[in-house]
Structure formats: structure tokens, C-alpha cells
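Accompanying notes for the structure given below.
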Amino acid sequence: MIVTVSREYGAAGLGVSAAVADRLGYRLVSRELPVVVAARLGMPADVVETVSDRPRPFGERVLEQLGGGVPETAQPGDSGEYDLVVETRRAIEVAVREIAAAGNAVINGRLAGAILGPRPDVVRVFVHAPLAWRTAHVAASLDCSEAEARAEIARIDEARRTYAKEAYQIVWDDRRNYDLMVQTSRFGVDGSAAAIVAAVRALGG
């Protein structure tokens, strides 16, 4: 069985994913995925992160990472930039499908649920929480002000929403794209993980 976890920024999605993997005895796939994809493409892992989890301008971050010029030289719509985005996205999709083929994994992020689609062996989860709760969580985690936390939440959530729409033509937080939506502010990390594990067990995982 494969569990894919999409998450609002600051909703403790990684903690929930890790707890689910631990309880089920599944492989946790999170930070290693960009590293694997980057190695295949011969580029820094930060560039892979940019494609699915960071806001525009993508070209500026690519140039900074690859040393291809100053940010001001990045032009929207550049064909080389577009090709790199598409190539990286395809590499992520291949890696996600390979992980799914191996079975018994929890994949955190990368829109793995959209990549794999509705399948009997996949449980697609969306982890969310109210903005106030996420703001407090991010501020504590990053040791920053609440204003800075809110700005970071807005920045990353919008990037994920845009990527979902542009790459897969879906609404990122639409319940119709998920099998289960869990609110961490109400159930906590452990309770949210328990709900997901129960769903997996109900399906024979």
C-alpha cells in the first residue's frame, strides 16, 4: 500500500508522515526524493525543490544554483527554463512511480497523489490546519515572528497551489482529489497518524 501526503505548510505534514510510516513499518520518502531526482538529472537538489515546493520566479533560483548569471537575467517564458521544469517534473514522476511499484511507502509531498491518481493501492491524504495554528507552529519551528511565519505560509502554499494547477490541472486543496483529509490542529500529529493508519488498515494495508 502507498500513502501519499499533501499538506498545507506548517500543518506538521512531515511529522504525520513519519508517524504513519513508523506505525505501519513502511518506508518514509520525503527529503530523499529531491536528492535522488537531482542526482539523476545532474543538478542541485535545491533546484528540484524549487519545481514543486517553492514559488516563482523559478528561473532566478535555477540561475543562482547553477551559476548561470545574475537573477536579473532570468526572463519569464524562457524555453530553456520551461524545458528544465518539464524535465524535472518528469523525473519526479518516474521516481514516484518506481517507489509505488516497490510498495509499502509513505510519500510526503511532491504531489505524489496527483502523479499516482486514484488507485486501489494508494491512500491519498491531505493534512491541513487553521492559519492561526500553522502560524504558531511555523514561528516556533523557525524561531521567527508571526508576521514572518504568515508570509512564509502564504508564499509556499501559493507555490504548491500554482504547481498543482499548472502541472496537473487540479485544485491543490480540493477534497475531491483525496481519500482522506486530516486536521492536525484537532487531532495532533499522533491522532492524525492514527486516523490515516486506520484507513490504510481498513483497505488491507
TODO: First select every other residue whose beta carbon is under 14 angstrom from the beta carbon of V20; then total the charges, Lys and Arg +1, Asp and Glu -1.
DONE: +2
Open item on the list: Suppose a student asked you for the relative contact order of segment 81-190, using Cα pairs under 8 Å spaced at least 6 residues apart; what percent would you report?
Closed with: 29
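Here, each number is a calculation from the coordinates, and none is a lab measurement. Here the structure is a predicted model, which means the values were calculated and not measured. Neighbour counts run over all protein chains shown; Cβ positions are idealised from the backbone, glycine included.
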